[in-house]
Amino acid sequence: MTRGSTTMNDVSPAGILQIGMGFWSSKALLSAVELGLFTTLAEAPLDAEALSARLGLHERSARDFLDALVALGLLDRQGGIYRNTPATGLFLDRAKPSYIGGLLEMANNRLWTSWGALTEALRSGRPQGDVKGAGDDLFTMLYADPAKLEGFLRAMTGVSLPTAHALAQAFPWGEVGSFVDIGCAQGGLTCVIAAAHPHLQGTGFDLPAVGPVFERYVAGKGLAGQVRFEPGSFFERPLPQADVVIMGHILHDWDLDQKRLLVAKAYEALAPGGRFIAYDAIIDDDRRQNAFGLLMSLNMLVETPGGFDYTAADCIGWMRAAGFSDARHQPLDGPNSMVVATK
């Protein structure tokens, strides 16, 4: 086909425009979360006037904002009364344990700015946003500020909860007695697995600053007798020993040498027959289908000095190089999947 031979009668620009202007719908959702809209409607459905008063919306903005959320499928409106959809009522009400909005809060507060500099990141290979002020070290910046740390830990719970519930069902937990969640953050995954399988003893492992946040979260779930926190850096000390070592949304934060080191440390922490679970938005081996995983890898570009997401074949190769004799890939929820290896 020669240049210019395709006409507007043959194809539509709708898909291009939907992606190109996708930040409109994204920011509408992020602002709704920031305003506490879904939490407010979880208390009671409201009309536009009452909802505007509760949220402090200007009369010029309110109707278009609320009806845009209806059109996006994020709110329902009947007889002039707005209410949550089943999904937003479950996942975006801050009062519910199923709340995943911490991730969206982080997107609104930090990632929005970093992704605005994506072109610079593509040209320089360096992280962007407020990470620049921390010597390109995301975690040094986050862990030095208690407010930013708590926000980040809530975000990790938000991104982990759906996968945690899938993992609690997808793995044969009845065959093991203990697990350790490496880089446990608030403890979202740790608590989901422990609550689903009361015979397990769980350990959350993360830097010391995380300890008080983790322990409050665990106590709030009534799991303090089953789950404990162990402080430490996974680059500076051996990993805690357990029947199962889990790294969820951990490997993608680091460069190739660091990834290989962490996989090797997981191998060292396991007895023969022990199992290692690594989960992320693992990219399909052909790198054509999992757009979320590929975009997450670009998120690692704008957030970290060397992080990137990876395919199942990549991960299985690192595991076999570390000494694991068996490794398999298994889907979890949405774009997320896991590789399970046995020592």
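Checking the range 287-301 against the condition returns no match, with no residue being touching a residue at least 40 places away in the same chain (Cβ under 8 Å), over 22 Å from the mean Cα position of the chain (by Cα) and surrounded by fewer than 20 Cβ atoms within 10 Å (Cβ to Cβ). For the range 65-95, taking the residues that are closer than 17 Å to Thr163 by Cα and touching a helix residue (DSSP H, G or I) at 6+ places or on another chain (Cβ under 8 Å), the one that is most open to solvent (accessible area, probe 1.4 Å) is identified as Phe91.
This table checks each residue for (1) over 25 Å from Pro162 (Cα atoms); (2) charged (D, E, K, R); (3) open to solvent by 20 Å² or more (accessible area, probe 1.4 Å).
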residue: Leu261; (1), (2), (3): yes, no, yes
residue: Lys265; (1), (2), (3): yes, yes, yes
residue: Ala271; (1), (2), (3): yes, no, yes
residue: Asp285; (1), (2), (3): no, yes, yes
residue: Phe308; (1), (2), (3): no, no, yes
residue: Cys315; (1), (2), (3): no, no, no
residue: Pro331; (1), (2), (3): no, no, yes
residue: Met338; (1), (2), (3): no, no, no
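Can you find a residue that is surrounded by fewer than 19 Cβ atoms within 10 Å (Cβ to Cβ), charged (D, E, K, R) and part of a helix (DSSP H, G or I) anywhere in the range 108-127? Yes: the range 108-127 contains one or more residues that are surrounded by fewer than 19 Cβ atoms within 10 Å (Cβ to Cβ), charged (D, E, K, R) and part of a helix (DSSP H, G or I). Report yes if Gly273 is in contact with a Pro (Cβ under 9 Å, 6 or more places away or on another chain) and modelled with pLDDT of 95 or more, otherwise no. So Gly273 does not fit the description; no.
Return yes or no: is Phe23 more than 30 Å from Pro305 (Cβ to Cβ) and of a type in the set (A, V, I, L, M, F, W, C)? Judged against the criteria, Phe23 is not a match.
Between Ala155, Ala168, the distinction of being open to solvent by less than 60 Å² (accessible area, probe 1.4 Å), under 13 Å from Ile246 (Cβ atoms) and either β-branched (Val, Ile, Thr) or assigned to a helix (DSSP H, G or I) (or both) belongs to Ala168 only.
Taking the criterion of being modelled with pLDDT of 95 or more, out of contact with any Lys or Arg (no Cβ under 7 Å at 6 or more places or on another chain) and either more than 23 Å from Leu261 (Cβ to Cβ) or assigned to a helix (DSSP H, G or I) (or both), the residues of the range 302-320 that qualify are Ala312, Ala313, Asp314, Cys315, Ile316, Gly317, Met319, Arg320. Among residues of the range 212-226 that are farther than 13 Å from Thr190 by Cβ, none has a Cβ under 6 angstrom from a residue that is among the aromatic types (Phe, Trp, Tyr) and part of a loop (DSSP other than H, G, I, E, B) at a sequence gap of 6+ or on a separate chain. Identify all residues within the range 32-64 that are open to solvent by less than 50 Å² (accessible area, probe 1.4 Å) and assigned to a loop (DSSP other than H, G, I, E, B); write none if there are none. Answer for the range 32-64, where residues must be open to solvent by less than 50 Å² (accessible area, probe 1.4 Å) and assigned to a loop (DSSP other than H, G, I, E, B): Gly36, Ala44, Leu57.
The values are calculated or read from the model by the stated rules, or taken from the named source; none is laboratory data. Not measured: the values here are computed from a predicted model. All Cβ positions, glycine included, derive from the backbone under ideal geometry; neighbour counts span all protein chains shown. Protein only, heavy atoms only, side chains kept; ligands, DNA and RNA dropped before computing areas. Shrake-Rupley method; radii C 1.70, N 1.55, O 1.52, S 1.80 Å.
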